[in-house]
Amino acid sequence: MDDELRERVRREAETAALFNALKHGSDAQVGAIMGPLMGENPDFRPHGDEIPGILAPVIEDVNAMDRDQKRERLAELAPERVEELDADDDEDDGVLPDLPNADDYDEVRMRCAPNPNGPWHIGHARMPAVIGTYAEEYDGEFIVRFDDTDPETKRPLLWAYDEILDEIEYLGFEPADVYRASDRLETYYEHARELIELGGAYTCSCPAGEFSELKNNGEACPHREKDVETVREEFEAMVDGEYDAGEMVLRVKTDIEHKNPALRDWVAFRIIDTPHPREEAEQYRCWPMLDFQSGVDDHLTGVTHIIRGIDLQDSAKRQQFVYDYFDWEYPEVIHWGHVQVDAYDVQMSTSTIRELIDAGDLDGWDDPRAPTLPSVQRRGIRGDAIVDAMVELGTSTSNVDLSMSAIYSNNRDLVDDDAPRQFLVRDGFDDRGSGADESYEAVEVPTDGGPESAHPPVHPEHEERGDRDIPVGDGVLIEAGDLPADGDRVWLKGYGPVRYDGERFAFLDADIEVVREEGVDVVHWTPADDNVRVRLRTPEGDVTGYAEPGFADVEPETVVQFVRVGFARCDRHDADESVAYYAHP
C-alpha cells in the first residue's frame, strides 16, 4: 500500500469512526467500521490484511475525544455526515424529517424510478410511500420514470409497467407524470453529442480489463485525447449500430486521478445487441448507462429532491461531472439505508422470486409465500397499512428492519371494524415445501339437547348489523385441541354451554357467568353436516377446514375475521371448496 492510499484509508476510517461513535453515543469499534469501509471503497479490498492495523490507532484517537470534539472534527472531514446525524435525530420520533432546502424551490418534485423487470417486493414500497407522503406534505408531486435502459441483464417484462403503476395506486398515490426511459433514447443521444462538443466525453475501444488496470493506476486511456470530430464520428457509428457489444463505449471525461477510482472516466453509453422487448425501442443498440440516463432525466423532468440508497453515493458524484459540464444545478439528495423485512423464508429479490416462479416453487407473484405487493394485496392487506409502516421507518442512513407485525397492526386497525365474523374449524395442513410444523384435526361431536341453531353476532361491536344463523343439526365440528376432557365443559361460541361425556356434548342450563367466573373455555365450531369446505392459503402453507354455511355467501374480496384464527380475504368460491387468503392474526 503506497503512502497516498494509506492516508486515504486513514481519513475514511476516521470519518467512519467519528460518525459511528456519534450516531450510537458509544466508542467506535473496528468491526463496525471495517465492513462499511470496504463496501464503500472497493479499491481498499486488495489491502484487507493491512487495513485493521491502520484502523486501530485511528479508532483509539477518536474514542479519546469528547462528543463536541468528535462533532467538530467530523464537520471538518465530512460536513455532510454531520447533516446525516442531524437528520437522523429529527426522525427519531418516527416523523419524516424536513426536506433539505425545500423553500428554495417553487415546487417540490420527486421521482420513483423502478426497473420494470417484475412486480415489486415489499421493500420496493418504501420509495413511493415516502416520496408520495412528502409530495402531499409539501403540496408537490412525484413522477414515475421507468429506468428500462438495460434490455439484457435487467430485461423488462412488458406487463410489469402497468403492474407497477397499479401497485402505486394500491399504495394510495398517483404520479403526476409517467416516463419510460426507453422512449427517450434520442434525448440521451442529443445530450451525449453536446457533451462531446464540450470536450466532456470520448469514445473508447479499450478491453474492459485493460481500461480497469489503467484506471486503477490513475493512468489515462490512450483514446482520452481524441479530437472531437473523431469522437463525434465514432459515437454516431455506435448509434447506427456499427459496433458489436463490448467493442466501443462512450466515457465521461472526469478526473483520471480522482481519489475514488469508481469516478474515473465512467461509461456513459455501451452497445447491447439484445433487442429491447418494447416494439418502440427494439431498433436501438446504443444504450445509456443508468447514471447518465437518470442524471439527464432528473434535470429535464424538474426533479428537486432525490432519495436513493446509501450504497449509491457514487452515483451523485458521477452525475455531478455531467452537471458541471452542462452548468446544471444538482438536485438535493437524501441517502438512506436498506430495509429488511422479517417473516419470509423467500429472499426479497425480484430475480430470486422470478426464478422460484419459473421453477414451479411458487404459484406466481401473488403466492402468499412470496414477499411481494401482489401477494399482500391478495391477502387483504391495505396499501395504507404498508405506507404508514414505511413512513415510520424515516430516512435513516442506517439499514432498518421492518417487522411485518407493524404492517399487520396497521391493517388490523383498518379492517377490524368492517370485517364480519365467521367460524372456521381447521382440519389439515400442507406446508407446500415451507417446512412449517403445523397440524390440525377436526373432531365431530354429536349434540344432545339445546337450540336447533345458534345466532352469534355478525360483529360483536355492531349490534345493528344483526346476527348470523348457524344450524346445529345432529352434531358439530371442533378442533381437536379444543376438545375438553371427559366431564368438562366448554362454551360453544354463539350457542351456549355444553358438557362432554366422552361421546357427545350435552347442552347445559347455565349462563355466561360460567365463563367469567369459573373459567370455562369458549371455542368456535361449525355444523358437522351443513358447512363450507375452505382452503386458507397462508405464508406457511395451505390450511384446510370447514366454515359455517354463511361463508358461501361472503362476497369475494371481503375481509372477514375467522374467530380465534385471524383475518382473511375471501378470494373465490369454487365448486368443491371456497378459497381464502390469510392476512394476519
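Computed from the coordinates by the stated procedures, all read-outs in this text should not be read as laboratory data. What you see is a predicted model, and the numbers here were worked out from it, not measured in a lab. So basically every Cβ, Gly included, is an ideal-geometry build from the backbone, and we count neighbours across all protein chains shown.
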For 104, 297, ascending order of other Cβ atoms within 10 Å (fewest first) is 104, 297
Excluding residues fewer than 8 places away in the same chain, name every one of the lysines whose C-alpha is closer than 18 Å to that of residue 259. 215, 317
Relative contact order for the stretch 52-163: what is it in percent, counting Cα pairs under 8 Å that are at least 6 residues apart? 24 percent
Straight-line reach from residue 226: which lysines have a Cα under 16 Å away, not including same-chain ones fewer than 8 places off? 253
Rg in Å to one decimal, and Dmax rounded to a whole Å, for the stretch 197-254 via C-alpha atoms: 11.4, 33
Excluding residue 216 itself, what net charge comes from residues whose Cβ is under 10 Å from its Cβ, given Lys and Arg +1 and Asp and Glu -1? -1
Computed over the stretch 396-463, Cα set: Rg, Dmax in Å: 19.6, 66
Determine the equivalent ellipsoid of the stretch 162-234 by diagonalising the alpha-carbon gyration tensor, then write out the semi-axes as square roots of 5 times the eigenvalues, largest first, rounded to whole Å. 39, 18, 10
Net charge (Lys, Arg +1; Asp, Glu -1) of residues whose beta-carbon lies under 9 Å from that of residue 181, residue 181 excluded, is -1
In units of 2.2 N^0.38 Å, what is the alpha-carbon radius of gyration of the stretch 3-90? 1.04
With a ≥ b ≥ c from the Cα gyration tensor eigenvalues, square-rooted, and the rule rounded for a/c under 1.5, otherwise prolate when a/b > b/c and oblate otherwise, the stretch 526-585 is rounded
What FRET efficiency, computed as 1/(1 + (r/R0)^6) with R0 = 30 Å and r the Cβ-Cβ distance, is obtained for residue 506 and residue 555, rounded to the nearest 0.05? 0.20
Which of 398, 182 comes first, and how do the rest follow, when ranked by fewest Cβ neighbours within 10 Å? 398, 182
Dmax and Rg, reported as Rg then Dmax, of the stretch 61-155 (C-alpha, Å): 18.5, 53
Scan around residue 362 for amide H atoms under 5 Å from its own, H built in the peptide plane at 1.01 Å from N, and keep only partners 5 or more places away or cross-chain. 357
For a quick size check, give me the Cα extents of the stretch 102-334 along its three principal axes, largest first, whole Å. 53, 40, 27
What percent of all Cα-Cα pairs in the stretch 273-312 falls in each 10 Å bin, counting up from 0? 22, 38, 31, 8
Alpha-carbon Rg/Rh ratio, for the stretch 421-584, with Rh computed the Kirkwood way: 0.97
If you line up the long axis of helix 383-392 against the longest principal axis of the chain, both from Cα atoms, how many degrees apart are they, to the nearest 10? 60 degrees
Per 10 angstrom bin, beginning at 0 and ending with the bin that holds the maximum distance, the Cα pairs of the chain fall in percents of 3, 14, 19, 20, 17, 11, 8, 5, 2, 0, 0
Over the stretch 198-357, volume per residue of the alpha carbon convex hull, in Å³: 169 Å³
Under a no-solvent Debye model with one identical scatterer per Cα of the stretch 373-499, what's log10 I(q)/I(0) at q = 0.09, 0.20, 0.21 Å⁻¹? -0.46, -1.19, -1.22
With both partners inside the chain, how many of the DSSP beta bridges are antiparallel, as a percent to the nearest 5? 65 percent
Percent relative contact order for the chain, counting Cα pairs under 8 Å at least six residues apart, stands at 11 percent
Kindly express, to the nearest 10 degrees and within the range 0 to 90, the angle between helix 67-77's C-alpha long axis and the longest C-alpha principal axis of the chain. 50 degrees
Whole-Hz couplings from phi, Karplus 6.51/-1.76/1.60, listed for the stretch 325-333; x for Gly and Pro: 4, 8, 6, 9, 9, 6, x, 5, 10
